[in-house]
Amino acid sequence: MSIITLNRPERLNALTYELAVELEHVLKEIEDDDRLRTVILTGAGRAFCAGADVKSMSDPTEKLLPTDKRYNFFSRLEDIEKPTIAAINGACIGGGLELALCCDFRIASEAATFALGEVKLGLIPAGGGTVRLARLVGPGRAKEILYFGNRFDAQEAERIGLINKRTPEGELMSEARRWSAELAERPPISLKMLKSCVNQGLEMDLIEALAYETRCAYYLLKTEDTREGMQAFVEKRKPVFKGR
């Protein structure tokens with residue numbers, strides 16, 4: 001288990017160029033470490049992440065967040081091959097919500113609030129918010145959130161399917177750790193294939209997606225973990241998966 005904490009509590013963990021670069025670096029280290037099976041992303045203090053640091057963005061001498069037409073640090077979080085959980089402890093606004101949307105799961109405390117309010121600044125979300133939000137909650141609900149830009153609470157986020165689970169404020173990290181521990185018991189290669197099938201499948205038509213799923217299933221049949229899982233089932237014991 002790896003826990004990444006956005007740590008600018010004095011600015012509600014608002015994103016800067018430096019923080020984005022550091023996050024990319026940490027994600028690369030986690031990706032390369034086979035001992036780390038899962039990732040929890042959370043924020044220090046009373047916020048998860050208040051989005052891009054507008055004060056920094058308005059300074060012409062400051063670097064803007066690193067983006068690319070094809071790839072950026074949001075996509076780096078989305079594409080990491082290990083399960084990711086956003087543990088949303090407070091304000092999850094703008095780019096903060098875009099970060100959460102890149103995670104596989106979102107668990108929020110009762111204190112969490114959400115918004116994509118860029119429209120109120122004459123902007124639009126530029127970290128994949130328009131695309132990922134619509135795919136998660138549907139285009140109609142996404143347009144309501146995007147066009148009005150208003151803040152809503154964790155209860156509403158759970159109702160519309162934006163988050164997987166809502167917890168009492170003091171139980172957020174223990175619940176995120178519980179999810180993480182259970183995921184760590186699953187075979188890593190199977191989780192990798194599942195993540196790829198879902199994420200890549202969204203980019204394909206139905207026939208392509210089904211064919212890709214079949215290729216992934218055949219690939220798994222050749223792995224030690226699949227053989228171990230089936231043998232353990234036959235022997236009525238708990239499997240020991242090694243990621244091979």
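Values in this text are rule-based calculations from the coordinates and carry no lab data. What you see is a predicted model, and the numbers here were worked out from it, not measured in a lab. Here Cβ is always computed from backbone atoms with ideal geometry, including for glycine, and neighbour counts include all displayed protein chains.
General observations
- Rounded to whole Hz, the Karplus (6.51, -1.76, 1.60) HN-Hα couplings of the stretch 133-148, x for glycine and proline: 5, 4, 6, 8, 10, x, x, x, 5, 4, 5, 4, 5, 6, 5, 7
- Dipole in debye (nearest 20) - the stretch 2-184, about Cα centre, beta carbon charges: Lys, Arg +1; Asp, Glu -1: 500 debye
- In this simple spin-label model, placing a label point 7 Å from the Cα along the Cα-to-Cβ direction at both GLU81 and LEU36 gives a separation of 1.5 nm.
- Entries in LYS120/LYS143; LYS28/LYS82; LYS195/LYS238; LYS195/LYS242 that, when Cα-Cα distance is taken, lie over 21 Å: LYS195/LYS238
- Distance from the alpha carbon centroid of the stretch 210-244 to that of the stretch 5-49 works out to 32 angstrom.
- Over the stretch 86-128: Kirkwood hydrodynamic radius from C-alpha pairwise inverse distances, Å: 10.7 Å
- Cα-Cα separations in the chain greater than 33 Å, expressed as whole percent: 21 percent
- 12 Å Cα-Cα reach of LYS236 towards aspartates and glutamates, excluding residues that sit fewer than 8 places from it in its own chain: GLU228
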